[in-house]
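Inspection log for the structure reproduced underneath, given as structure tokens.
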Amino acid sequence: MRLMILVILDKGNLGIIGVAQEVMEATGLTINALLLGNHEGINLGDYGVSKVYAINGSGLIDPAPLARFITNNFNDAKYIIMPDNKVYRTLSGYLSGLMNIPVIINPTDFKPPSFKVNAVGNRAIMELEVQRPVIIVAQAARFKPKQYSQGNKAMVTNVSVEPGSLKLINVEGKSISNVRIEEADIIVAVGRGFKSKDDLKLAIDLAEALGAQLGCSRPLAADLKWLSEEHWVGLSGHRVKPRLYIAVGISGQPQHLAGMMESGVVVVINIDKNAPFFKYCDYGVVEDLYRLLPALTRKIKERRR
Amino acid sequence: MRVWVLVKLSLDTSQLRFSGDRILIEETPLRINDIDRNAVEEAVRLKERGIAKQVSILTVLKYPPLKDRVKEADGLIRQLLAMGADEAYVVADDALILTDPMVTSIVASEVLKANGYDIIITGEASIDGYSGQVPAMIAARLGIPVVTYVKELKVDNGIVTVRRDLDNETQVVDSRAPLVVSVTREINMPRIPTVIQIRLAIKKPIKLLTLNDINVRINKVINVKGIKAIQVSRRGIIIDSGSVEEKAEKLIEYLTKDNVLR
Ligand SMILES: Cc1cc2nc3c(=O)[nH]c(=O)nc-3n(C[C@H](O)[C@H](O)[C@H](O)COP(=O)(O)OP(=O)(O)OC[C@H]3O[C@@H](n4cnc5c(N)ncnc54)[C@H](O)[C@@H]3O)c2cc1C
């Protein structure tokens, strides 16, 4: 059986090829790619991909047909690599079930067959060894694929996949901003301690004075929708490591901490002296944010004059 | 319809016990994975609307020491029965300790196949593993569709309509049972059972199963070589006295000394 690396991706996730390249360099296996959706102007040959299978058509509403297609046609894949988002994470699970192989999510380090992953709610690093073929889901934006050579044409085959049994009735876009919170140097993060969306102005002013980005807890993005999801920090949101993290009106539940544990200096501002976040801070100010933030912002501005 | 809720008894990440860079797993309490309460709530609502005839809970224990965990599980699962679920199955076996999500899905699918199912509801992911893989893994093993990250669920005339909350869009999708649905934390507010409901739940059945009972043998495909705690030590300086102005000044003084303000 010839073994290979299969990378599954779309136009918005080309960074994931960087993971396939690292596995290729470690194992000597060749890379095949399954390219979903529009693929005009993309030549994966430059990145060391030998064969490309292009699937045109709608997005991945039902992962089942694509997973069956992969199972039937890529039985010889030793590493199946795909980007990390909710749609791909659904595909990875389905594929695992059909192929009877495990999934590794967001390895922080990989030297196949050894992998390191975050575990126990991002509070630990687990070292794993997998001998069997494995599915790897990784954050595309964290990798920069190398261009090995110009004009190396990969062979492209157009393939099609049967429709699934789920019926798409409607799609609504989400408001997206181009904040890249993972790269922020200073973050002012806001939580449910703010009583209304308008009140976030207090944090925005502080952020401006500091040259900081705005972060938030899950309820503010997922429930209240006061901020877009790019600002969401935590286990189910973004993982950040700014030089300075200032948490305002956030209680400090473990799922929030999971996203900011590796920050430099951590400041917590909370009215409740028993807020759990105070156990994980460098400086904690017990005070009403509505009183503290205006004073803090004013003093920081004064200091810079 | 027969509705199942898959529940993980996770490590309580707010009460982790450490020794150096070791996490003392055996000494850390379990906690019902928070989002699984949302899953149970959604199932119980289907029952109240006359759509679900029976709501069953299924959990696969993953943490040692097994004997104590079985007792601990009983107390936790009773809380979910008090919310309105009818019965529960707990799979406990030494061979399942610290196994990966794929193993959970193998075990769960066998229990489901043996008992029958229409809708299987899970949380979007667990607070400890946070992989979100089990729902789709089970759907694949059962050969049925899956809809993940659901924040609204309706069942009407056999048609299941969901609203999925994805990264860049929300999708409204129609499907038919049998299917697997994973729900988000935003789908509902899990109820707090009354004292009477808690008392009644004592009589509801919890069935304990071993791998032998369900005829499953496990080959470990992932070998865990070590688990190391991520440790960050923080100064923990609390500023809680003085006027608002003084507190702000104090904080700026510290941050200036640390050289983190530009
Ligand atoms: C699987 C899973 C994944 C999750 N993922 C995430 C995630 O990625 N990110 C995340 O953030 N959460 C996540 N959560 C949710 C998490 O458990 C908490 O519910 C959430 O972080 C709480 O948000 P909060 O701190 O803003 O709100 P609350 O817990 O309500 O805290 C509000 C805080 O504001 C303080 N406050 C109130 N008024 C004032 C005032 N005037 N001045 C100062 N302080 C004030 C209060 O004392 C309180 O501490 C997840 C949960 C689960 C189960």
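The values are calculated or read from the model by the stated rules, or taken from the named source; none is laboratory data. Here the structure is a predicted model, which is why all the values come from computation and not from measurement. Note that we place each Cβ from the backbone using ideal geometry, even for glycine, and neighbour counts take in every protein chain shown.
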### Query
Somewhere in the range B:237-260, is a residue within 10 Å of chain A (Cβ to nearest Cβ), surrounded by 18 or more Cβ atoms within 10 Å (Cβ to Cβ), more than 30 Å from residue A:133 (Cβ to Cβ) and modelled with pLDDT under 95?
yes
### Task
Hey, can you tell me all the residues within the range A:257-276 that are buried (at least 23 other Cβ atoms within 10 Å of the Cβ) and either basic (Lys, Arg) or over 19 Å from residue A:206 (Cβ atoms) (or both)?
A:257, A:258, A:259
### Pick from the range A:207-225, criterion in contact with a helix residue (DSSP H, G or I) (Cβ under 8 Å, 6 or more places away or on another chain) and within 13 Å of the ligand (Cβ to nearest atom), ranking: farthest from residue B:150 (Cα to Cα)
A:215
### Summary
Given the conditions (1) under 30 Å from residue A:170 (Cα atoms); (2) within 14 Å of another protein chain (Cβ to nearest Cβ); (3) among the aliphatic types (A, V, I, L, M), every one holds for residue A:55 apart from (2)
### Message
I need a count of the residues in the range A:248-275 that are within 8 Å of chain B (Cβ to nearest Cβ), within 8 Å of the ligand (Cβ to nearest atom) and not small (Gly, Ala, Ser).
### Response
3
### Message
Given the condition more than 7 Å from the ligand (Cβ to nearest atom), modelled with pLDDT of 95 or more, among the β-branched types (Val, Ile, Thr) and not in a strand (DSSP E or B), answer yes or no: does some residue in the range A:282-305 qualify?
### Response
yes
### Task
May I ask you to list the residues in the range B:92-123 that are of a type outside the set (Ser, Thr, Tyr) and either within 16 Å of the ligand (Cβ to nearest atom) or not in a helix (DSSP H, G or I) (or both)?
B:92, B:93, B:97, B:98, B:100, B:101, B:116, B:118, B:119, B:120, B:121, B:123
### Message
Restricting to the range A:182-197, name every residue that is surrounded by 14 or more Cβ atoms within 10 Å (Cβ to Cβ), within 14 Å of the ligand (Cβ to nearest atom) and not basic (Lys, Arg).
### Response
A:182, A:187, A:188, A:189, A:190, A:191, A:193, A:194
### Message
Could you check the range B:105-141 and list, in sequence order, the residues that are free of Cβ contacts under 8 Å to residues at least 60 places away in the same chain and crowded, with 21+ Cβ neighbours inside 10 Å?
### Response
B:105, B:109, B:130, B:131, B:132, B:133, B:136, B:137, B:139, B:140, B:141
### Task
Within the range A:78-121, track down each residue that is more than 9 Å from chain B (Cβ to nearest Cβ), surrounded by 24 or more Cβ atoms within 10 Å (Cβ to Cβ) and of a type in the set (A, V, I, L, M, F, W, C).
A:80, A:81, A:82
### Query
What residue, among those in the range A:226-247 that are of a type in the set (A, V, I, L, M) and buried (at least 24 other Cβ atoms within 10 Å of the Cβ), is farthest from the ligand (Cβ to nearest atom)?
A:246
### Query
Which pairs have Cβ atoms under 7 Å, sit 6 or more apart or on different chains, and link a residue in the range A:219-247 that is farther than 24 Å from residue A:285 by Cβ and among the polar types (S, T, N, Q) to one that is modelled with pLDDT of 95 or more and more than 8 Å from the ligand (Cβ to nearest atom)?
A:228/A:221
### Message
Looking at residue B:134 and the list (1) away from the ligand (no atom under 16 Å from the Cβ); (2) within 8 Å of chain A (Cβ to nearest Cβ); (3) closer than 29 Å to residue A:224 by Cβ; (4) within 20 Å of the chain's Cα centre (by Cα), which single condition is not satisfied?
### Response
(1)
### Message
Just to be sure before I move on: is residue B:59 closer than 24 Å to residue B:214 by Cβ and under 14 Å from the mean Cα position of the chain (by Cα) in the structure I sent?
### Response
yes
### Query
If residue A:220 satisfies every condition in (1) of a type outside the set (D, E, K, R); (2) touching a Phe, Trp or Tyr at 6+ places or on another chain (Cβ under 6 Å); (3) within 11 Å of another protein chain (Cβ to nearest Cβ); (4) in a helix (DSSP H, G or I) but one, which is the exception?
(3)
### Task
May I ask you to say which residue of B:195, B:216, B:224 is facing another protein chain (nearest Cβ under 7 Å) and either hydrophobic (A, V, I, L, M, F, W, C) or under 22 Å from the mean Cα position of the chain (by Cα) (or both)?
B:224
### Out of B:261, B:255, sole residue that is of a type in the set (A, V, I, L, M, F, W, C) and either part of a helix (DSSP H, G or I) or on the phi > 0 side of the Ramachandran plot (or both)
B:255
### Summary
Scanning the range B:1-40 for residues that are more than 21 Å from residue B:96 (Cα to Cα), charged (D, E, K, R) and surrounded by 21 or more Cβ atoms within 10 Å (Cβ to Cβ) gives B:37
### Message
Given the criteria touching a Phe, Trp or Tyr at 6+ places or on another chain (Cβ under 8 Å) and either away from chain B (no Cβ under 11 Å) or more than 8 Å from the ligand (Cβ to nearest atom) (or both), does residue A:203 qualify?
### Response
yes
